[in-house]
Amino acid sequence: MYKKTKNTIFFIEGQEHVRFVEPYLSIVYNIGFKIEIISLENLDFENPIFNDFVEIINRNKIRPFLKNIQGDLFFTTTPGVGSYYFPKIKKTKYIYIFHSLVSPNEVYLDKSFINFDYILSPNEIISNQLKFLITSKTKTFNVGYPVLAHYMNKPQSSNNKILLAPSWGKDSFLFNDDIIQKLYEFLSMKNAEIILRPHPMHLKKIYENDLFQNSKFIIDKNKNLDYLKDVSLLITDWSGISLEYYYLKKSPTVFIDNIKKIRRKLTKKESNLELIENKIRNLIGTVINPNNLSNLENINLNKNTKLEDEYIDSIYKPEFIDEKVSKIILSL
């Protein structure tokens, strides 16, 4: 059947977003649409053919660049289209790709999704929660979460790893030296590599703190996270990485119970929503008070926490299937 060739633009801020976007790139490439990739830094793809499509844009010039794009479809993991820094072109259709499995209602700024034409949602839960954040002009498709297959397809090594993945924000446990010191004392007794994976915006804090420089912490500055299969214990606070980890390993996650970073307050209509990141903490792991980290001693690194739980299962459905997503993209 004849299909009109479309010009597609993919805006990928940095390497940490590549694994979420590349499955869509492959689909669009196989459809035969023209591809342009713009980024704020050099990117590295699993399929090297996509490297030839990348144009690096100076961060200070991104607004005038986006005001003059020429494309039919614009794919991105960056929320906030239609804002001053992310101008919207009338003739272009904007498509949001999720790069997290947490609920969108508190962790994103207000109006983050309202100006997108289409949203490719990981599951029905998030799609239903998005209804409070968009208008009837935005169409949402439940397509699944392709990064899960990305992790599953990675080889697993024999190296045992413990991963500390604090979330971004001033209340992150990364900024509490007492917590970091106690975690290190506990973890250093385990027969495993101790990897600290800070948010890219927290790297400066790492460089300034002697605690990180003079310990056995391995500071992970790689943005791909290809070793997630090797992790025997994940310690985080509110990061959505816990859901990706649970899908892979069914192993315990330790949640440090610090203050959640909230970027948008719920409205009255949203007050009864069960937010994913709140609900899963006691289902797929153990919540530990930061003032009582001695409870870490009771954590069994070899425990399997697989649940027969419809809610958890629904977070990972539907399965991302290229053929189905191709039909959706062709219909846009």
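Bear in mind that the values in this text are calculations on the coordinates, not laboratory data. Everything numeric in this text was worked out from a predicted model, so none of it was measured. Every residue, glycine as well, gets a Cβ built from its backbone with ideal geometry; the counts of neighbours run over all protein chains shown.
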task: Quick one: compute the contact order of the chain, relative version, from alpha carbon pairs under 8 angstrom and 6+ residues apart, as a percent.
output: 17 percent
statement: Largest fluctuation, 197, 63, 19 only, Gaussian network model of the chain with Cα springs under 10 angstrom, belongs to 63
query: If packing is taken as the mean number of other Cβ atoms within 10 Å per residue, what is the order of 248-259, 309-320, highest first?
result: 248-259, 309-320
field: Distance (nanometres) between label positions extended 7 Å along Cα→Cβ at residue 268 and residue 139
entry: 3.4 nm
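Sort region 96-173 into rounded, prolate or oblate with this rule: let a ≥ b ≥ c be the square roots of the eigenvalues of the Cα gyration tensor; rounded if a/c is under 1.5, and if a/c is not under 1.5, prolate when a/b is larger than b/c, oblate otherwise. Provide the component values of the computation, followed by the final result.
Values: a/c = 3.44, a/b = 1.57, b/c = 2.19.
It comes out oblate by the Cα gyration axes.
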- request: Using a/c under 1.5 as the rounded threshold, could you call region 69-141 rounded, prolate or oblate? The axes a ≥ b ≥ c are square roots of the C-alpha gyration tensor eigenvalues, and prolate needs a/b larger than b/c, oblate otherwise.
  value: prolate
task: Scan region 109-186 for chymotrypsin sites (Phe, Trp or Tyr not before Pro) in coil per DSSP, keeping those whose Cβ has at most 14 other Cβ atoms within 10 Å, and list them by number.
output: 132
11 Å cut-off, amide nitrogen to a point 7 angstrom out along residue 176 Cα→Cβ, residues in region 232-260: 237, 256-260
field: Net length gained if the chain between residue 58 and residue 326 were fully extended (0.36 nm per residue, minus Cα distance)
entry: 93.3 nm
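For the pairs 139/260; 61/88; 279/324; 4/93, flag any whose C-alpha to C-alpha distance is greater than 19 Å. Numbers along the way, then the final one.
Details: 139/260 30 Å; 61/88 15 Å; 279/324 30 Å; 4/93 15 Å.
The answer is 139/260; 279/324.
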- line: In terms of the alpha carbon gyration tensor, root eigenvalues a ≥ b ≥ c, rounded if a/c is under 1.5 and otherwise prolate when a/b exceeds b/c or oblate, the chain is prolate
- request: Check cross-link reach from residue 261 to the aspartates and glutamates: straight Cα distance under 16 Å, and skip same-chain residues fewer than eight apart.
  value: 106, 110, 171, 237, 277
statement: As straight-line cross-link partners of residue 250, the qualifying lysines (C-alpha separation under 16 Å, not fewer than 8 residues apart within one chain) are 161, 229, 303, 306
- prompt: To the nearest Å, what is the center-to-center distance of region 276-300 and region 36-107, using C-alpha atoms only?
  reply: 36 Å
